[in-house]
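Quick notes on the structure that follows.
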Amino acid sequence: MNRKVLYLLVVSLLLRIGFFCYGIYQDEHFDVKYTDIDYFVFHDGAGYVNNGQSPYLRDTYRYTPLLSWLLLPNYYFQWIHMGKVFFVLFDLLTGAMIIKLLQDSCKPGKQIALASLWLLNPIVITISTRGNAESVLCFLIMCALYFLKEDRFIISGLFYGLSIHLKIYPIIYALPIAAYVFMSNYDKRWFGKLFVIGMSTLVGLVVPTYCMYVIYGSEFIEQSYAYHFIRTDHRHNFSIWNLVLLLESAGIYLYKDFELARIAFVPQLTLCAAVTYLLWKSQTFENLLNVIFVQTYVFVTYNKVCTSQYFIWYIVLFPFYLANTTIKWRKGVFCLILWVISQVVWLSQAYLLEFKGLNVFFPNLFFGNAVFFLINVYLLGVFIDDIKARTSFKSNSYKKHV
């Protein structure tokens with residue numbers, strides 16, 4: 001292993017240990033807890049499983065039972081924070097997979113810098129050490145992409161299917177992955193390769209899903225999957241749909257008796273599918289990662305529920321997008337500032353709502369939601385233009401060479 005990579009991993013581990021220990025201290029000495037509320041839900045669900053019962057006996061447990069199984073050591077070792085250790089481990093393993101995926105597309109120095117965007121990122125570190133399970137999902141996705149890059153379609157599909165079992169949203173990657181396998185192998189038995197990765201994905205998804213269904217019945221399907229199509233969270237929500245969710249939860253409909261929130265997925269999934277066209281001019285694996293990054297950014301921006309932990313879904317892909325970006329550093333800094341501003345504006349109003357108890361849903365919080373949405377739509381335009389510029393340059397270079 002490269003010495004610089006080892007140093008990066010060691011520093012990353014030490015940072016996480018520091019955040020982890022501080023989190024325990026804050027939980028014990030402050031009214032505002034460091035640990036994520038969802039972690040207590042995981043922990044309580046694991047308690048029910050430990051007693052031979054269903055994790056869904058815990059109110060608001062809306063996840064695959066596998067997460068509650070993962071936290072069973074909390075009870076074996078009689079230490080509530082044991083599950084966080086696993087999440088931090090998956091966090092570091094995700095960073096290691098990012099490094100491996102960057103090996104062929106970057107020089108060592110750039111590889112370290114890009115991997116640091118995950119491994120040294122305070123947002124990432126905070127989320128995993130608070131006990132959020134997103135690092136498990138990110139690790140599975142990185143493994144699926146790594147083995148896809150290596151043309152090991154069976155293993156890639158198994159990891160990919162398991163990631164969809166854990167959370168539904170990675171299913172949006174199916175279209176660009178299928179397009180990549182087809183377009184990069186269209187003269188080399190593409191159908192067989194597409195069939196193999198498709199079937200292994202189904203196995204990775206169906207086997208754990210069926211097992212959970214056999215054990216926990218229809219409640220597993222209702223709570224883990226169906227609930228997320230009808231959820232109407234209107235707190236802690238950056239989404240432009242936030243006000244609509246609030247009104248409809250109170251029985252106030254903007255259009256007769258029709259719930260607009262039920263069709264929120266239409267523009268979201270339409271755009272997620274549409275950006276696959278970016279693969280048309282360049283069918284490289286690097287461009288596939290670019291498309292998946294943009295897809296994820298679209299999904300989060302247009303989702304009817306959006307919290308800070310959702311940012312992790314595209315942050316894990318950001319190093320690959322930056323690897324060959326044509327964006328100048330000044331514009332990059334400008335975009336970063338805009339991204340931060342989009343959250344600061346919303347958080348300033350959310351603070352008044354959550355901590356001061358003020359009714360600022362409209363116009364204050366709605367304004368924050370609108371600013372967040374519009375800035376992120378602008379950033380999407382920047383990312384797409386950048387990818388188009390890269391593929392256009394490669395296409396023109398190829399024509400000149402020919």
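The values are calculated or read from the model by the stated rules, or taken from the named source; none is laboratory data. All of these numbers come straight from a predicted model, not from anything done at the bench. As a convention, Cβ positions derive from the backbone with ideal geometry for all residues, glycine included, and neighbour counts pool all protein chains shown.
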**Request:** Say whether the condition of being in a helix (DSSP H, G or I), crowded, with 21+ Cβ neighbours inside 10 Å, touching a residue at least 60 places away in the same chain (Cβ under 8 Å) and more than 17 Å from the chain's Cα centre (by Cα) is met by at least one residue in segment 69-88.
**Result:** yes
**Request:** Tell me, please, whether a residue that is at pLDDT 95 or above and outside any helix (DSSP H, G or I) can be found in segment 12-27.
**Result:** no
**Request:** Return the pairs, sorted by first residue and then second, in which the second residue is in a helix (DSSP H, G or I) and not small (Gly, Ala, Ser), the first residue lies in segment 14-28 and is over 13 Å from residue 122 (Cα atoms), the beta carbons are less than 7 Å apart, and the residues are 6+ apart or on different chains.
**Result:** 23/129
**Asked** Looking at segment 200-254, which of its residues are closer than 24 Å to residue 355 by Cα and outside any helix (DSSP H, G or I)?
**Response** 231, 232, 233, 234, 235, 236, 237, 238, 239, 240, 241, 250
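Please work out which residue is farthest from residue 135 (Cα to Cα), limiting yourself to segment 1-29 and to residues that are basic (Lys, Arg) and over 23 Å from the mean Cα position of the chain (by Cα). Explain how you work it out, then say what you get.
Step one: filter segment 1-29 for residues basic (Lys, Arg), giving 3-4, 16.
Of the ones still in play, those that are also over 23 Å from the mean Cα position of the chain (by Cα) are 3-4.
Values: 3: 25, 4: 23 Å.
This residue is 3.
Take residue 34 and decide whether it is of a type in the set (Phe, Trp, Tyr), more than 25 Å from the chain's Cα centre (by Cα) and farther than 23 Å from residue 214 by Cβ.
Numbers: of a type in the set (Phe, Trp, Tyr): yes; more than 25 Å from the chain's Cα centre (by Cα): no; farther than 23 Å from residue 214 by Cβ: yes.
No: the conditions fail for residue 34.
Give the residue, chosen from 296, 270, 276, that is in a helix (DSSP H, G or I) and under 30 Å from residue 46 (Cβ atoms). Lay out the reasoning, then the answer.
Working: 270 fails: under 30 Å from residue 46 (Cβ atoms); 276 fails: under 30 Å from residue 46 (Cβ atoms).
From the options 296, 270, 276, the qualifying one is 296.
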**Request:** Return the total of residues in segment 33-58 being within 28 Å of residue 117 (Cα to Cα) and exposed (fewer than 14 other Cβ atoms within 10 Å of the Cβ).
**Result:** 1
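Can you tell which of 308, 200, 224, 218 is in contact (Cβ under 8 Å) with a residue 24 or more places away in the chain, among the small types (Gly, Ala, Ser) and either touching a strand residue (DSSP E or B) at 6+ places or on another chain (Cβ under 9 Å) or more than 20 Å from residue 133 (Cα to Cα) (or both)? Step through it out loud before you land on a result.
Numbers: 308 fails: either touching a strand residue (DSSP E or B) at 6+ places or on another chain (Cβ under 9 Å) or more than 20 Å from residue 133 (Cα to Cα) (or both); 224 fails: either touching a strand residue (DSSP E or B) at 6+ places or on another chain (Cβ under 9 Å) or more than 20 Å from residue 133 (Cα to Cα) (or both); 218 fails: in contact (Cβ under 8 Å) with a residue 24 or more places away in the chain.
Exactly one residue qualifies, and that residue is 200.
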**Request:** Working only within segment 37-60, note down all residues that are in a helix (DSSP H, G or I), within 25 Å of the chain's Cα centre (by Cα) and among the β-branched types (Val, Ile, Thr).
**Result:** 37, 41
